[in-house]
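Remarks on the structure that follows.
The values are calculated or read from the model by the stated rules, or taken from the named source; none is laboratory data. Being a predicted model, the structure only gives us computed values, none of them experimental. Using ideal geometry, Cβ is built from the backbone for each residue, glycine included, and neighbour counts are taken over all protein chains shown. These accessible areas exclude ligands, DNA and RNA; they are computed on the full protein's heavy atoms, side chains included. Shrake-Rupley method; radii C 1.70, N 1.55, O 1.52, S 1.80 Å.
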Amino acid sequence: TNNQFIKYGKRMIFVYFNNHQNNEKKIIIVYKILEKYKIILITMQDANKLDEFEVDPENNLFSFENGFLIYKNGPYQKIIFAPRDIEGEFVIPKEITHIGQYSFYKRNNLLSVKSISSKLTIITDNSFYKCEKLKSIKIEQKTKLILGNSCFLQSQSLESVEITCKELKICDTVFSIA
């Protein structure tokens, strides 16, 4: 087994496992709280290559629900990873406040994204990067919404974007296809 260790901040350590014998790949985070370690799984840009996800049952910050890895900290709830086999329309759950970086990366059977949640405040950088069949986005938000850099970059089939909100911040290259 070939292990690579990547430090991330002061409280998390990523461990990337790549077992060449059975082609198994997974990423685990060791999360340190009050000197007690809790093992959880999280994604990075190449998470579409992962074979396994684990969340320690004692971990109260992360959950794995219906194929989605979600970070929860009080009212803040962020989708970290979407299932690779997601297809058709995705309705963002009403409690989600953020869509994480690369969380829907290369979800090529995703056709539309819809949100009627007033809690969604940010779609982060590269969150729907290379969703080749994504055709429509419809978001209804009562306050502020931020569309991060390249959040829909290379989603080449995108035909319709409807966003209703009080304030909208659009970062660089949000809808670029090149």
With respect to residue 137, determine if the residue is open to solvent by 20 Å² or more (accessible area, probe 1.4 Å) and either on the phi > 0 side of the Ramachandran plot or assigned to a strand (DSSP E or B) (or both). no
In the range 141-155, the residues that are at pLDDT below 90 and open to solvent by 50 Å² or more (accessible area, probe 1.4 Å): 142, 143
Here is a list: 149, 66. Which entry is more than 12 Å from the chain's Cα centre (by Cα) and more than 22 Å from residue 175 (Cβ to Cβ)? 66
Where residues in the range 81-93 are in a strand (DSSP E or B) and open to solvent by less than 30 Å² (accessible area, probe 1.4 Å), which of them is modelled with the lowest pLDDT? 81
If I filter the range 72-80 for residues that are among the hydroxyl-bearing types (Ser, Thr, Tyr), out of contact with any Gly (no Cβ under 7 Å at 6 or more places or on another chain), in a strand (DSSP E or B) and surrounded by fewer than 16 Cβ atoms within 10 Å (Cβ to Cβ), do I get at least one hit? yes
Among the residues of the range 94-130, which ones are more than 13 Å from the chain's Cα centre (by Cα) and either part of a loop (DSSP other than H, G, I, E, B) or of a type in the set (D, E, K, R) (or both)? 94, 95, 108, 109, 114, 116, 117, 118, 119, 120, 121, 130
